[in-house]
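Right, one structure below, let's go through it.
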Amino acid sequence: MLLEINDIHVHYGKIAALKGISAEVDEGEIVTLIGANGAGKTTTLKTISGLRPLTSGSIRFAGQDISKMPGHKRVLAGIGQSPEGRGVFPGMTVEENLLMGAYARRGDFSKELAEVYELFPRLAERKSQAGGTMSGGEQQMLAIGRALMAKPKVLLLDEPSMGLAPKLVQQIFSIIVEINRRGTTVLLVEQNASQALQVAHRAYVLETGRVVKSAPASDLLDDPQVRAAYLGGGAEAQVGAGASADCLEDTPPVAAPESVEEDGDASSS
Ligand SMILES: Nc1ncnc2c1ncn2[C@@H]1O[C@H](COP(=O)(O)OP(=O)(O)OP(=O)(O)O)[C@@H](O)[C@H]1O
Ligand SMILES: [Mg+2]
């Protein structure tokens, strides 16, 4: 198992945000966390990347207990995060933003840059533009590209489709599938549950700091409770201004991921 979250409790002051979350992400998977506002999705990702301390519980990554490892070491260990709200450095150019993603490593990053530019041709066209003047969708691409510069084993994505027009939402989800196809494991947090469940292998449903359900993503797409709580109203709300609900229906779903083979050779180091 690449990432194992074991009964984690996390507090903001006296407020318990996570009340005993356990979850696993295997190498090669796309796993999604879905849940309403305030369920604890962002907190879970921040705790994995070391931005929030654990009150109790543990996190293992690539066979190592990282519960107390500082965040910058987790980046070096292979945990990459594209944060909620993107966090692009507005005064730096696109290329400078991308290079910041590799700051913890040494050497020549031309190969990584070329890969990111291949995934996001728009970033290549705009490499000298200030990050802050990029559009919302472009900044989202930049945030994902920057996280990829650190060559993560697992990429943590917090609401990558937030605020994007339906067409761009499709594009971002296709790119997530492509990143995964090229070998990066993905832990995806989304309010857009319908899309997330279409690209993910497995999913966890969070409610007020707890996991209330975990299952193969395709099962949750058919789960009446999940449909009622997260897919019915959620899908409509996601369509956003100026787009008709039909638009979402008509858009072909992003290619479903191939199932991850359980070959059991989690090569021990
Ligand atoms: N900095 C903070 N200080 C105090 N409470 C916080 C802080 N950040 C989050 N919380 C609380 O922790 C809980 C979980 O928040 P979190 O941001 O993880 O939710 P989320 O599932 O990501 O929600 P959303 O879908 O709205 O992004 C919420 O009750 C929230 O109010
Ligand atoms: Mg959040």
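Since every read-out is calculated from the coordinates, none of them should be taken as a lab result. Every value quoted in this text rests on a predicted model; they were computed, and no experiment measured them. Note that we place each Cβ from the backbone using ideal geometry, even for glycine, and neighbour counts take in every protein chain shown.
Full extension from GLU118 to ALA62: what is 0.36 nm times the residue separation minus their Cα-Cα distance, to one decimal in nm? Spell out each step's value before the answer.
Working: separation 56, 0.36 × 56 = 20.16 nm, distance 2.81 nm.
Value of the extension gain: 17.3 nm.
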Please tell me which of these pairs span more than 22 angstrom C-alpha to C-alpha: LYS19/LYS153; LYS41/LYS167; LYS111/LYS153; LYS46/LYS127; LYS46/LYS68?
-> LYS19/LYS153; LYS41/LYS167; LYS46/LYS127
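Counting other beta carbons within 10 Å of each Cβ, put ILE30, ILE59, ILE15 in order, fewest first. Each step should come with its number before you reach the end.
Numbers: ILE30 26, ILE59 23, ILE15 8.
Ordered by Cβ neighbours within 10 Å, fewest first: ILE15, ILE59, ILE30.
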How big, on average over all directions, is the shadow cast by the Cα convex hull of segment 1-157, in nm²?
-> 9.7 nm²
When the Karplus curve 6.51 cos²θ - 1.76 cosθ + 1.60 is applied with θ = phi - 60°, which whole-Hz ³J(HN,Hα) does each residue of segment 125-141 get, with x for Gly and Pro?
-> 5, 10, 4, 9, 6, 5, x, x, 9, 6, 5, x, x, 5, 5, 5, 4
Out of residues 5 or more away from ALA203 or on other chains, whose amide H comes under 5 Å of its own, with H placed 1.01 Å from N in the peptide plane?
-> THR32, ALA215, ALA217
Averaging sequence separations of C-alpha pairs under 8 Å and six or more residues apart, then dividing by the length of the chain, give the relative contact order as a whole percent.
-> 24 percent
By how many nm would the segment from ASP7 to LYS111 grow when fully extended, if each residue of separation counts as 0.36 nm and the alpha-carbon distance is taken off?
-> 33.6 nm
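Take the Cα atoms of segment 88-127, build their convex hull, and give its volume per residue in Å³.
67 Å³
Most exposed first by the Cβ proxy, i.e. fewest other Cβ within 10 Å, how do HIS9, HIS201, HIS72 rank?
Numbers: HIS9 16, HIS201 21, HIS72 11.
Ordered by Cβ neighbours within 10 Å, fewest first: HIS72, HIS9, HIS201.
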Which length gain, in nm to one decimal place, applies between ALA36 and TYR103 when the Cα-Cα distance is subtracted from 0.36 nm times their residue separation?
-> 20.7 nm
Whole-Hz Karplus couplings 3J(HN,Hα) for segment 176-181, θ = phi - 60° and coefficients 6.51, -1.76, 1.60, Gly and Pro as x, run 4, 4, 5, 4, 5, 4
At the level of C-alpha centres, the distance separating segment 1-50 and segment 142-181, in angstrom, is 19 Å
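What number, rounded to the nearest 500 deg cm²/dmol, is the helix-based mean residue ellipticity at 222 nm of the chain, given -39500 (n - 2.57) per DSSP H run of at least four residues and division by all its residues?
Details: 11 runs with 92 residues, N = 269.
Estimated from H runs of four or more residues: -9500 deg cm²/dmol.
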Restricting things to alpha carbons, tell me how big the chain is in terms of Rg and Dmax, in Å.
-> 17.9, 52
Given 15 as the ceiling on other Cβ atoms within 10 Å, longest exposed-site-free region of the chain for trypsin sites (Lys or Arg not before Pro) in DSSP loops | 183-269
Vicinal HN-Hα couplings computed from phi for segment 15-20 (Karplus, 6.51 cos²θ - 1.76 cosθ + 1.60; Hz; Gly/Pro x) | 7, 7, 8, 10, 10, x
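List SER56, SER49, SER194 from most exposed to least, where exposure is judged by having the fewest other Cβ atoms within 10 Å. Present the calculation step by step, with values, prior to reporting the outcome.
Details: SER56 13, SER49 21, SER194 18.
Ordered by Cβ neighbours within 10 Å, fewest first: SER56, SER194, SER49.
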